[in-house]
Each structure stands twice: as C-alpha cells, then as structure tokens.
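The values are calculated or read from the model by the stated rules, or taken from the named source; none is laboratory data. A quick note: this is a predicted structure, and the numbers were derived from the prediction, not measured. Note: ideal-geometry Cβ built from the backbone for every residue, glycine included; neighbour counts use all protein chains shown. Keep in mind that these areas ignore ligands, DNA and RNA; they rest on the heavy atoms of the full protein, side chains included. Shrake-Rupley method; radii C 1.70, N 1.55, O 1.52, S 1.80 Å.
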Amino acid sequence: MEKFPRKVFATLFFAIFVSVTGVGIVVPLLPVYAHELGASGFSIALIFGGFSLSRTFFLPWFGRLSDAHGRKPFLVMGLFSYFVISVAFVLAHQIHSLIAIRLIQGVASAMIMPVAQAYVGDITPEGKEGITMGGFNMSVFAGLSIGPLMGGVIQDVFGLNMAFACMGGLALFGFCLAAVLLPPAAAERIYSVGRTPVKWGLLVRDRMLVALFSFRMVYTTCIGIIWGFLPVYANDAFALSSSAVGLLVMLGVSVSGLIHIPMGMLADRCDKRLMVVAGGIAVIVAMLLMGTAGGFSGLFAANVVFGIGGGVSMPAVMALAVIRGQKIEAMGSVMSMITVAHSLGMLMGSIFAGLIMDWFELRYAFFLGILIMAAGTGQFFAGTRHSDAAARPGREKTN
C-alpha cells in the first residue's frame, strides 16, 4: 500500500477550512440583510437557491474535467473566485445584485468542494474510507461552526461589510495554501487519467449511487430550510440577536463535526446502511422539535439533535461514495453526483420554505422537512437492502 500523503491531506483540510469559515461568516447574515432590503420569502429563496442552482449545472462538468486533467487547477481557481466574490458582496446593495452574486458563487463552489473530496478519495487507504472522509469533513463542519458565530459577532460589533471582508481574506488565504503547497496536477494520484470518463447514464442507473444521492438530497433539503429561514424565523418570532442566531446555526454544524471522526471509525467497522438510517431518523426528530419550539431553548435542542443526525449519517454516506468511486474509477464524477444532490437539496429547501413563508406560516416549513426526510430515508433503506457494501467494512463486493 502506498504511503498516505499527510501533507496533501493537511493542505486540503486547512484550505477548505479557512474558505468555508469565510462563507459561514456570511451565511446567517444574508437572509436578514435581504429581508431588511425588502426581499420577499421567494426572493430570499432565490438568493440561497441561486447558489445551488448554478452549482448544480456546473458540478458534473468540473467533476469530469478534474478526473481527466487533475484536481489542483480547479481548486485554486475556485478559491480565488471566492475572494473576488467577497469584494462584490461589499458593493451590492440591491436584491437582484445579491441573487447574481450568489449565482456566480455557485459556479466557484462547483470547483472547490467536490474536487477537494475527490482528491481526498484518491489518496484514501483501503478500509479507511470512513475515518479519512470523516476527518476531512471536519474541515467543513469546523468552518461552518466557527463562521456563523463569528459572523453574528462581527455583524453586531463592526457591521456587515466587515463580515464580507473577513470572508474575502480567508478565501485568499485558502487560495495561497492550495496554490503553494499542493503538488502539481501531473503528480496527483488520479486513477481515471487517460481513461474514457464513465458515462452519466451508468452512474444514474447505479442503485447504490441513486440511494446515496436521494439521502444526501433530502438531508440537505432540511439544511436549506434551516440555513435559509431559521435566521428570519428566530428574528421575527423570538426577536433573537444576530449573535444568538449565529450560535444556533453553529450548533447543528459543530455537533455534527465533533462526532464525525468517531462515526467515521464506526462506519469502517459496522453496517453503514443502518448508520445512515439512524441519522435520518434523528433529523426527522430535529425538524419536529424545530417546528414546535417555543423559543431559544427549543431551537437550541432541535439544532443539537439535527447535528447528531448529520454526524451519524454523513460519514457512512461519504464512505460508501468513496468505495464506489474507487471501484468504478470515477471519483470526481461520483463526488460531483453527491454534491449535485447537496445543491438540489439546498435549492429545494430554500424554495419550499420561501413559498411557505409567503403563502402560509414559516413554521410549517419544518413540518414539510419531516415528510421529505422520511421519504428519502425510506428510499435509501429500500434501495440498499441487498448491498453487501452497506453491511460490511472494506471494499464493495457487489455491483
């Protein structure tokens, strides 16, 4: 077995960590900022959903290109684009400008996360998929934990423009890390170089990938509801401060991140499918608690349970994705497919919640999340019930 390239892993980890922290600073502030500019629920949904919409269209393209030409060029391009976008946020003072910037940010994001995950998948040792991907995903969860809390404090003390400036500085730092410390594309360990890329028709007929896609999509639909509209809900219903809202958003992410590594280790040793289903059930409970919350304490508990659900299920989901990506030698395409599910979920969550806010009562969006999550968890269980890979550690044995 080849030696695990710790320097490459550490570079990817910290580059993603600082850039995601920057994005996390802005996430809880945009809905309230747009609401103050006079945005309707649907307009807020477009601001959040536009990011996911553009990312969805570009993910398959960048994933296949990174399989053929290397990961580094797309990572450094995407990280530098995040820096430029932060400058654009400072200059934007109209709703349509925010929507346009988020559309562009979605394109940049398509060059970052799935490509970084594919890079980690390429260097993952056999039998260590859960712990390796769980460890790497800590960069995302740590960034999204620290970012919202920082954003709330920065907004309360210094104002919104300083939050955008911090996002830009962190993105620039991440760009420098990737550009300087990652080896050139020619030195990357990509098994698919020189091969004809796997056709998307084959991927969408793969039962395991379809089940993973479905679960990831419904899970992030709930995230889209929470991230897009919990700040507005908490502000309007309970008059919570930006710092309190940042703490709530941070909770779900940080709890999930804290248990990612132990859950990744567990996923390498036990039935991955049952871990995914258990996490899905926890998310359903969390959405119920959120919809029935009577104040800060109720929302606090709901976000903790939501974090547990994601922390239990996602390491197993990503471990199964790595196993499948290495088996069919199309890691970039597989990770892009999983991230497309993430983007579609965020888009659907924000759009659904925005429409419910305009037509009914925002609280009902959380109950819709319960139904969607239950359907996706059931579909995953049914779609993987005959898979040996879900039940055993190590490499997948069946197609």
ask   = When ligands, DNA and RNA are left out and all protein chains stay put, how many square angstrom of accessible area per residue does the range 9-161 have with a 1.4 Å probe?
value = 32
query = Counting only protein heavy atoms, what percent of the accessible surface of the chain is carbon or sulfur at a 1.4 Å probe?
reply = 71
ask   = Going by the alpha-carbon gyration tensor, a ≥ b ≥ c the square roots of its eigenvalues, is the chain rounded (a/c under 1.5) or, if a/c is not under 1.5, prolate (a/b greater than b/c) versus oblate?
value = oblate
inquiry  = Using Cα-Cα distances under 8 Å and only pairs 6 or more residues apart, what relative contact order does the chain have, in percent?
reply    = 29
ask   = With labels modelled as points extended 7 Å from the Cα through the Cβ direction, what inter-label distance (nm, one decimal) is found for ASP358 paired with PHE57?
value = 2.0
ask   = Can you give me the relative contact order of the range 14-121 as a percent, contacts being Cα pairs under 8 Å and 6 or more apart?
value = 40
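Give the peptides 312-319, 147-154 in descending order of average Cβ contacts within 10 Å, highest first.
Working: 312-319: 28.2, 147-154: 25.4.
So the order, starting with the most tightly packed, is 312-319, 147-154.
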The chain, dipole about Cα centre (Lys/Arg Cβ +1, Asp/Glu Cβ -1), debye to the nearest 20 = 1140
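With every protein chain kept in the model, how would you rank SER97, SER297 by accessible area, 1.4 Å probe, largest at the top? Display every interim value, and only then the final one.
Working: SER97 30, SER297 90 Å².
In descending accessible area the options line up as SER297, SER97.
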key: Nitroxide proxy distance, nm - points 7 Å out along Cα→Cβ at ASP271 and PHE158   = 5.0
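Given R₀ = 41 Å, FRET efficiency for PHE238-ARG6 by Cβ-Cβ distance, to 0.05? Numbers along the way, then the final one.
Numbers: r = 45 Å, r/R0 = 1.11.
Given R0 = 41 Å and the Cβ-Cβ separation, E is 0.35.
Over the range 307-378, average the accessible area per residue using a 1.4 Å probe and give it in Å², no decimals.
Numbers: 2010 Å² over 72 residues.
On a per-residue basis, 28 Å².
What's the ranking of 212-221, 5-14 by average number of surrounding C-beta atoms within 10 Å, highest first? Intermediate results must be reported in sequence, preceding the final value.
Numbers: 212-221: 26.0, 5-14: 16.8.
Ranked by mean Cβ neighbours within 10 Å, highest first: 212-221, 5-14.
Per DSSP helix of 4 or more residues, -39500 (n - 2.57); summed, then divided by the residues of the chain. What does that give at 222 nm, rounded to the nearest 500?
Numbers: 17 runs with 322 residues, N = 399.
-27500 deg cm²/dmol, from helical runs alone.
Relative contact order of the range 67-197, please, whole-number percent, based on alpha carbon pairs below 8 angstrom and at least 6 residues apart.
Numbers: 107 pairs, mean separation 67.7, N = 131.
Result for the range 67-197 is 52 percent.
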